[in-house]
């Protein structure tokens with residue numbers, strides 16, 4: 001099993017691809033597969049590869065397909081990375097005994113991924129609603145608010161980026177000044193927003209300004225638009241911490 005990690009040039013999103021590579025008759029396996037990806041112009045986004053294998057090639061095509069299916073589903077549920085997989089891998093037909101063995105392999109892989117800094121299998125935030133986000137904000141970073149005549153959102157800075165919390169209301173109409181990357185980001189996350197403009201889940205962005213632009217559907221300065229509960233801008237809050 002291999003994982004490709006990189007950053008989208010257009011949107012700046014974390015992107016990932018999960019694939020499998022069995023041994024080939026010519027002796028070329030995982031390395032040759034990675035070289036194929038590197039030569040493919042549609043898959044030149046990745047800058048890092050993580051590979052999981054066994055010491056004795058004990059997993060056959062069925063077991064590898066099961067792992068690929070499970071890893072892809074876990075990554076999609078966590079929703080931290082924009083997945084580049086085009087097809088939904090089949091789970092394969094395995095015995096309960098083999099499934100138990102493979103699940104142990106998966107648990108091990110999750111630990112290794114976390115150690116390497118790739119939290120691809122971990123949900124963005126344990127707080128899935130605006131209420132929980134406010135009630136459990138116990139660290140030094142304040143919960144921030146953004147409000148216009150078309151949007152009302154709540155978010156927070158984290159060590160991974162800026163989270164806009166579920167139940168925030170975003171503008172549904174782009175302004176003329178809205179940057180193309182934000183328009184494309186909205187298109188890619190259309191299923192995360194209901195018909196009333198309410199976010200169905202937490203979303204992670206690279207910066208406060210990108211988050212503000214996504215919420216307002218316009219060009220935006222997040223350091224000014226995001227404010228604390230007492231009305232201070234994020235910029236003023238940062239200056240007060242110096």
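Tabulated data
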item: Set 190, 151, 137: member being within 22 Å of residue 231 (Cα to Cα) and either in contact with a helix residue (DSSP H, G or I) (Cβ under 8 Å, 6 or more places away or on another chain) or modelled with pLDDT of 90 or more (or both); result: 151
item: Residue count for segment 194-242, restricted to those that are surrounded by 16 or more Cβ atoms within 10 Å (Cβ to Cβ) and part of a strand (DSSP E or B); result: 6
item: Residue check for residue 68: modelled with pLDDT of 85 or more, in a strand (DSSP E or B) and out of contact with any helix residue (DSSP H, G or I) (no Cβ under 7 Å at 6 or more places or on another chain); result: no
item: Segment 78-114, subset in a loop (DSSP other than H, G, I, E, B) and under 16 Å from the mean Cα position of the chain (by Cα), residue surrounded by the most Cβ atoms within 10 Å (Cβ to Cβ); result: 81
item: Unmet requirement for residue 117, which otherwise passes all of (1) in contact (Cβ under 8 Å) with a residue 24 or more places away in the chain; (2) surrounded by fewer than 16 Cβ atoms within 10 Å (Cβ to Cβ); (3) not in a helix (DSSP H, G or I); result: (1)
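The values are calculated or read from the model by the stated rules, or taken from the named source; none is laboratory data. The structure displayed is predicted, hence computed values, not measured ones. Don't worry about glycine lacking a Cβ; one is built from the backbone with ideal geometry, like all the others, and counts go over all protein chains shown.
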